[in-house]
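Chemist: Structure provided below as structure tokens; questions to follow.
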Amino acid sequence: MPELPEVETTRRGVDPHVVGRRIVALAVHEPRLRWRVSDSLPAEVKGQRVRQTGRRAKYLLLELESGTLLLHLGMSGSLRVLPAETPRMTHDHFDLLLDSGVTLRFNDPRRFGSLHYTTENPDEHPLLAHLAPEPLDDKFDAEYLWRITRKRKVAIKQLLMNSTLVVGVGNIYASEALFRARIRPRRQARSLKYEEAVRLTRAVKAVLKMAIKVGGTTLRDYVGADGNPGYFRQKLYVYERHGKPCRVCEGPIKHFTQGQRSTYYCPACQK
Ligand SMILES: [Zn+2]
């Protein structure tokens, strides 16, 4: 599933191909995505120039002259920049054809992705208005983490993955950040000391930044993917490394199931 780093990688990959370009046509081949693509959308965006790209949580934003396209990759979606005449494949659901002769093509086997358009401030769109802070934003700092953990008995890892508190910290990034911050994933959120909140917010940001730098963790068809797939995996400390020696203390990495997700940690390095 595309996580925040993959969406940001996609945005960076797409950006130089779309900014400043005019939309020749939006061709919707399959409108039945997570939400039905509006029938009026092709006419609304046709002829508009793309001013800039953006991202909010896992939504990719294309700011046009009169509005903003909001694209979500869902569980299995990917965007590719292709010559317009490239034959379509199964699960290619729409093409955003640009005046440069390329198309931004959306493929999504499971159709959990979505495409919306708004002429209002996109931050106030119903899909974005109530999103929690971005982990890479200054709003996600030790003060904030400290405050939201105070009365919560939930395990700290599950709190990190709660998208109503902070968006886009998936399983892999939560596990890695907790290792770097030397905090056990099962600890009650409210047991965090302030200096641990400092370490953990820093670790979350560092892990996500590194993942973005190397192009995400689950590289497959993402545009701009010039890195070697699995490169980020070589840098992982705990995720899917159970039974292997800890890269810091050489003791065995352990795993257990937490909220139906596998959690990995080093019992010696994490307290
Ligand atoms: Zn260790």
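The values are calculated or read from the model by the stated rules, or taken from the named source; none is laboratory data. These figures come from a predicted structure and were not determined experimentally. Using ideal geometry, Cβ is built from the backbone for each residue, glycine included, and neighbour counts are taken over all protein chains shown. Heavy atoms of the whole protein, side chains included, go into the accessibility calculation; ligands, DNA and RNA do not. Shrake-Rupley method; radii C 1.70, N 1.55, O 1.52, S 1.80 Å.
Chemist: Taking the criterion of being modelled with pLDDT of 95 or more and within 16 Å of the ligand (Cβ to nearest atom), would at least one residue in region 222-235 satisfy it? Break it down stepwise before answering.
Modeler: From region 222-235, those modelled with pLDDT of 95 or more are none; that's our starting set.
No, because not a single residue in region 222-235 is modelled with pLDDT of 95 or more and within 16 Å of the ligand (Cβ to nearest atom).
Chemist: What number of residues in region 68-106 are hydroxyl-bearing (Ser, Thr, Tyr) and part of a loop (DSSP other than H, G, I, E, B)?
Modeler: Taking region 68-106 first, the residues hydroxyl-bearing (Ser, Thr, Tyr) are 68, 76, 78, 86, 90, 100, 103.
This time we only want the ones that are part of a loop (DSSP other than H, G, I, E, B), so: 76, 86, 90, 100.
Residues that pass the stated criteria total 4.
Chemist: Just to be sure I understand, how many residues within region 1-21 are open to solvent by 80 Å² or more (accessible area, probe 1.4 Å) and under 20 Å from the mean Cα position of the chain (by Cα)?
Modeler: Summing the residues that are open to solvent by 80 Å² or more (accessible area, probe 1.4 Å) and under 20 Å from the mean Cα position of the chain (by Cα) in region 1-21 gives 3.
Chemist: Please give the number of the condition Pro109 fails out of (1) assigned to a loop (DSSP other than H, G, I, E, B); (2) open to solvent by less than 30 Å² (accessible area, probe 1.4 Å).
Modeler: (2)
Chemist: Collect the residues in region 249-266 that are near the ligand (Cβ under 8 Å from one of its atoms) and loosely packed, with under 14 Cβ neighbours inside 10 Å, keeping them in residue-number order.
Modeler: First pass over region 249-266, keeping only residues near the ligand (Cβ under 8 Å from one of its atoms): 249-251, 253, 266.
Cys249, Glu250, Gly251, listed by residue number.
Chemist: While we're on this one: All but one of (1) surrounded by fewer than 17 Cβ atoms within 10 Å (Cβ to Cβ); (2) out of contact with any Ser or Thr (no Cβ under 9 Å at 6 or more places or on another chain); (3) closer than 21 Å to Ala211 by Cβ hold for Asp141; which doesn't?
Modeler: Every condition holds for Asp141 apart from (2).
Chemist: Next question, about the same structure. If you go through region 119-134 one residue at a time, do you hit one that is of a type in the set (Asp, Glu), part of a loop (DSSP other than H, G, I, E, B) and within 25 Å of Tyr173 (Cα to Cα)? Please lay out each step first, then the result.
Modeler: Filtering region 119-134 down to residues of a type in the set (Asp, Glu) leaves 120, 123-124, 134.
Filter again for part of a loop (DSSP other than H, G, I, E, B), leaving 120, 134.
Subsequent filtering for residues that are within 25 Å of Tyr173 (Cα to Cα) retains 134.
Yes, region 119-134 contains at least one residue that is of a type in the set (Asp, Glu), part of a loop (DSSP other than H, G, I, E, B) and within 25 Å of Tyr173 (Cα to Cα).
Chemist: Looking only at region 140-186, count every residue that is within 26 Å of Val248 (Cβ to Cβ), part of a loop (DSSP other than H, G, I, E, B) and in contact with a strand residue (DSSP E or B) (Cβ under 7 Å, 6 or more places away or on another chain) and tell me the total.
Modeler: Going through region 140-186 one residue at a time, the tally reaches 3.
Chemist: Can we say Val24 is part of a strand (DSSP E or B), open to solvent by 20 Å² or more (accessible area, probe 1.4 Å) and touching a residue at least 24 places away in the same chain (Cβ under 8 Å)? Reasoning before the result, please.
Modeler: Values: part of a strand (DSSP E or B): yes; open to solvent by 20 Å² or more (accessible area, probe 1.4 Å): yes; touching a residue at least 24 places away in the same chain (Cβ under 8 Å): yes.
In short, yes.
Chemist: Could you list, ordered by first residue, the pairs with Cβ atoms under 6 Å in which the first is in region 92-106 and at positive phi and the second is open to solvent by 30 Å² or more (accessible area, probe 1.4 Å), at least 6 apart or interchain?
Modeler: Going by the 6 Å Cβ cut-off, the qualifying pairs are Gly101/Ala84.
Chemist: Anything in region 144-166 that is at pLDDT 95 or above, open to solvent by 60 Å² or more (accessible area, probe 1.4 Å) and within 21 Å of Leu4 (Cα to Cα)? List them, or say none.
Modeler: Gln158
Chemist: Among the residues of region 65-78, are any over 25 Å from Met210 (Cα atoms) and open to solvent by 40 Å² or more (accessible area, probe 1.4 Å)? Please lay out each step first, then the result.
Modeler: Residues of region 65-78 that are over 25 Å from Met210 (Cα atoms), as a first pass: 65-70.
Keeping just the survivors that are open to solvent by 40 Å² or more (accessible area, probe 1.4 Å) gives 65-66.
Yes, region 65-78 contains at least one residue that is over 25 Å from Met210 (Cα atoms) and open to solvent by 40 Å² or more (accessible area, probe 1.4 Å).
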